[in-house]
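I have placed the structure first, in the form of structure tokens, so that the comments after it can refer back to it.
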Amino acid sequence: MAGRYPKEFKEDVIRVARARGPGETLEQIAHDFGVHPVTLSKWLLQTDMEDGIKPGITRDQAAELRKANQGIRRLEQEKGRLHPWLPCDSD
């Protein structure tokens, strides 16, 4: 899913936020760039997860998980069409 902001813009905002000086808040930086402070916080958190600084699922892992879940749903649907008399486990 494409975001509202270009990748280069996000990178610039994150770089400025990481290099902020004492007394400079994320809210001020977000305001200066015209983004919501929560949006900036989410960008920083996702970047930390991508860089392995904080635990969490990276974008690549999330995409892989989505693809696997789609495959599982497809197989469950095929199982239902091919063998309607067999129960489909929801676990």
Practice problem: Please list, ordered by first then second residue, the pairs with beta carbon atoms under 7 Å, 6 or more apart or interchain, first in the stretch 45-62 and modelled with pLDDT of 85 or more, second surrounded by fewer than 12 Cβ atoms within 10 Å (Cβ to Cβ). | Solution: E50/R59
Exercise. Could you please give the count of residues in the stretch 36-57 that are more than 15 Å from G3 (Cβ to Cβ), among the β-branched types (V, I, T) and either over 11 Å from the mean Cα position of the chain (by Cα) or part of a helix (DSSP H, G or I) (or both)?
Key: 1
Quiz item: Applying the selection to the stretch 1-52, what residues are touching a helix residue (DSSP H, G or I) at 6+ places or on another chain (Cβ under 6 Å) and among the small types (G, A, S)?
Solution: A17, A30
Exercise. Could you grab me the full set of residues in the stretch 21-35 that are in a loop (DSSP other than H, G, I, E, B), at negative phi and exposed (fewer than 13 other Cβ atoms within 10 Å of the Cβ)?
Key: G21, P22, T25
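The values are calculated or read from the model by the stated rules, or taken from the named source; none is laboratory data. The structure presented is a predicted model; accordingly, all values stated were derived computationally and were not measured. Positions of Cβ are generated from backbone atoms using ideal geometry, with glycine treated the same way; all protein chains shown enter the neighbour counts.
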